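The values are calculated or read from the model by the stated rules, or taken from the named source; none is laboratory data. These numbers come from a predicted model, not from an experiment. Cβ coordinates were reconstructed from backbone atoms using ideal geometry, including for glycine residues, and neighbour counts include every protein chain displayed.
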Amino acid sequence: MFVFDATPLIYLGTADQLQVLSHLDCRRLIPERVYDEVVTAGVDAGYPDARRVEQRVDAGEFDVVSAPETTLFDRLSNNPNVSNADVAVLTLAADRNATAVMDDAYGRDIADVEGINTRGTAYLLLSLVRDDRLSATDARATLDEMLEAGWYCQPDLYARLLTKLDELG
């Protein structure tokens, strides 16, 4: 089970590549706080990626759920450096024994300290290629479209991703 943060949804949506996530053979959750940030506010602001996420939710590819207000929720909520959406992602992932999908290094560091599994968008794409659910060519095109849309990826990581895609492809 994967719990999605805003960044993967926004950039896959902006690149019009959310459909690749439908190849993941597990449940996909979006915390209500992330949905409000990405879809509710995004549709109101006229962002096409927000509408694309909304359509995927309406199609049943994602479940929108509330994060439980646990001790972890309270502790993370008191950290001024953690957004409300990230608190919800991490709390829900911990509660459901799921993997948080987030690209933000700070959020991933907190998850590591709390013992919460995380993966990034690039990992999901590589795993789909490895499992023969996505071609290496399509994964590279998706990465490139995300980069063009403003997704940040360190150059050395991008080079390693391309090497790995070549190996898998």
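Restricting attention to segment 10-48, the residues that are free of Cβ contacts under 8 Å to residues at least 60 places away in the same chain and farther than 26 Å from residue 132 by Cβ total 19.
Surrounded by fewer than 21 Cβ atoms within 10 Å (Cβ to Cβ), modelled with pLDDT of 95 or more, among the charged types (D, E, K, R) and on the phi < 0 side of the Ramachandran plot: does that describe residue 119? In short, yes.
Just a yes or no: is a residue in segment 94-101 more than 21 Å from residue 127 (Cβ to Cβ) and either free of Cβ contacts under 8 Å to residues at least 60 places away in the same chain or among the β-branched types (Val, Ile, Thr) (or both)? Checking segment 94-101: at least one residue is more than 21 Å from residue 127 (Cβ to Cβ) and either free of Cβ contacts under 8 Å to residues at least 60 places away in the same chain or among the β-branched types (Val, Ile, Thr) (or both).
State whether one or more residues within segment 14-29 are surrounded by 14 or more Cβ atoms within 10 Å (Cβ to Cβ), within 21 Å of residue 111 (Cα to Cα) and within 15 Å of the chain's Cα centre (by Cα). Yes, because at least one residue in segment 14-29 is surrounded by 14 or more Cβ atoms within 10 Å (Cβ to Cβ), within 21 Å of residue 111 (Cα to Cα) and within 15 Å of the chain's Cα centre (by Cα). Within segment 39-46, the presence of at least one residue that is modelled with pLDDT of 95 or more and buried (at least 22 other Cβ atoms within 10 Å of the Cβ) is confirmed. Could you tell me whether segment 83-99 includes any residue that is surrounded by 12 or more Cβ atoms within 10 Å (Cβ to Cβ), of a type in the set (S, T, N, Q) and over 26 Å from residue 40 (Cα atoms)? Checked against the condition, which is being surrounded by 12 or more Cβ atoms within 10 Å (Cβ to Cβ), of a type in the set (S, T, N, Q) and over 26 Å from residue 40 (Cα atoms), segment 83-99 yields no hits at all. Of all the residues in segment 31-52, those that are under 18 Å from residue 146 (Cβ atoms) and either among the basic types (Lys, Arg) or in a strand (DSSP E or B) (or both) number 2. Looking across segment 53-69, the residues that are part of a helix (DSSP H, G or I) and either small (Gly, Ala, Ser) or within 17 Å of the chain's Cα centre (by Cα) (or both) come down to 53, 54, 55, 56, 57.
Cβ separations smaller than 7 Å between residues 6+ apart or across chains give the following pairs from segment 148-165 residues that are closer than 12 Å to residue 126 by Cβ to residues that are basic (Lys, Arg): 162/140; 165/140. Assessment of segment 107-122 against the conditions (without any contact (Cβ under 8 Å) to a residue 12 or more places away in the chain and either among the acidic types (Asp, Glu) or in contact with a Cys (Cβ under 9 Å, 6 or more places away or on another chain) (or both)) yields at least one matching residue.
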